[in-house]
1. Can you tell me which residue among A44, A57, A24, A36 is in a helix (DSSP H, G or I), more than 17 Å from the chain's Cα centre (by Cα) and small (G, A, S)?
2. Does at least one position in the range 82-95 carry a residue that is assigned to a loop (DSSP other than H, G, I, E, B) and out of contact with any Gly (no Cβ under 6 Å at 6 or more places or on another chain)?
3. Return yes when E54 is touching a residue at least 40 places away in the same chain (Cβ under 8 Å), surrounded by 23 or more Cβ atoms within 10 Å (Cβ to Cβ), under 21 Å from S4 (Cα atoms) and out of contact with any strand residue (DSSP E or B) (no Cβ under 7 Å at 6 or more places or on another chain) and no when it is not.
4. Residue under question is S21, and the condition is that it be small (G, A, S), out of contact with any strand residue (DSSP E or B) (no Cβ under 7 Å at 6 or more places or on another chain) and closer than 20 Å to S103 by Cα; does it hold?
5. If V25 satisfies every condition in (1) in contact (Cβ under 8 Å) with a residue 12 or more places away in the chain; (2) more than 18 Å from A202 (Cα to Cα) but one, which is the exception?
6. Filter the range 146-169 for residues that are in contact (Cβ under 8 Å) with a residue 60 or more places away in the chain and more than 10 Å from G200 (Cβ to Cβ); which is surrounded by the fewest Cβ atoms within 10 Å (Cβ to Cβ)?
7. Quick one: in the range 170-192, which of the residues that are more than 18 Å from E86 (Cβ to Cβ) and of a type in the set (D, E) is surrounded by the fewest Cβ atoms within 10 Å (Cβ to Cβ)?
8. Considering only residues that are free of Cβ contacts under 8 Å to residues at least 60 places away in the same chain and either farther than 12 Å from F65 by Cβ or in contact with a His (Cβ under 6 Å, 6 or more places away or on another chain) (or both), which ones fall in the range 29-42?
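The values are calculated or read from the model by the stated rules, or taken from the named source; none is laboratory data. Remember, it's a predicted structure, so these values are computed and weren't measured experimentally. Virtual Cβ from ideal backbone geometry, glycine too; neighbours counted across all protein chains shown.
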Amino acid sequence: MVGSIEGLVAATLRGDRRAGSALAVALQRREGESDADDALVALARAPASNETVEVLAGVVYEHRFARAEITRVLFNEDDVEEALQETVLGVINALPGFRAEASFRTWASRIARNRAIGVLRRKRATPGRDTDAADAHDSELASFSSSLAQRRDIDTALAVLPADMAAVVRLRDLDHRSYAEIAADLGIPVNTVRSRLARGRARLRAEIGTGPAA
């Protein structure tokens, strides 16, 4: 059946973005079921593409498993958000090493826990920091923002993204605006800002690596 998860995976791997969007919805509805887990393994083991990266980034950000692992360590919602954003980038960075020795969700959950511990350590080292602005200055997110800002072809780099994602990435990682400010500027909910940011960063990481242009 064309609309089955297996069929949507095959279409996504062929580069069909509409299939990727439909697959993301199907995976969220069937989170934890065996066919959904098999689909995630297939996507994670395939060569990275815009479509596969966007689906996997959305799964990590939107599904319960990563957030559940993070909230075992962190309790402040801004800290949880920071760790979740880092987890998305961490998963995309680590995809070449995924060997399917565990399910994708188990593998990504380990990354989520490590990122949560990292956020907790930084928070203890810098008490009273502005957590909404923190991901512009810390760790993996800091490296991402810095690398993007150092590119001499920023507009070209951002052009690989849909316009709605590019706008959020520019405002957050280059202009260092708060989530609330971005939401007000773009007329969208804060949660939409965060979701687009996670998926946009993941696609940029996979597409251009966000290293300084030669």
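1. On the way: A44 fails: more than 17 Å from the chain's Cα centre (by Cα); A57 fails: more than 17 Å from the chain's Cα centre (by Cα); A24 fails: more than 17 Å from the chain's Cα centre (by Cα).
Going through A44, A57, A24, A36 in turn, the sole match is A36.
2. First, pick out the residues of the range 82-95 that are assigned to a loop (DSSP other than H, G, I, E, B): none.
No, that holds for no residue.
3. When the stated conditions are applied, E54 passes them.
4. No.
5. Result: V25 fails condition (1) only.
6. R152
7. Taking the candidates together, the pick is D175.
8. Going through the range 29-42, the residues free of Cβ contacts under 8 Å to residues at least 60 places away in the same chain turn out to be 29-31, 33-36, 38-39, 42.
Result: R29, R30, E31, E33, S34, D35, D38, A39, A42.
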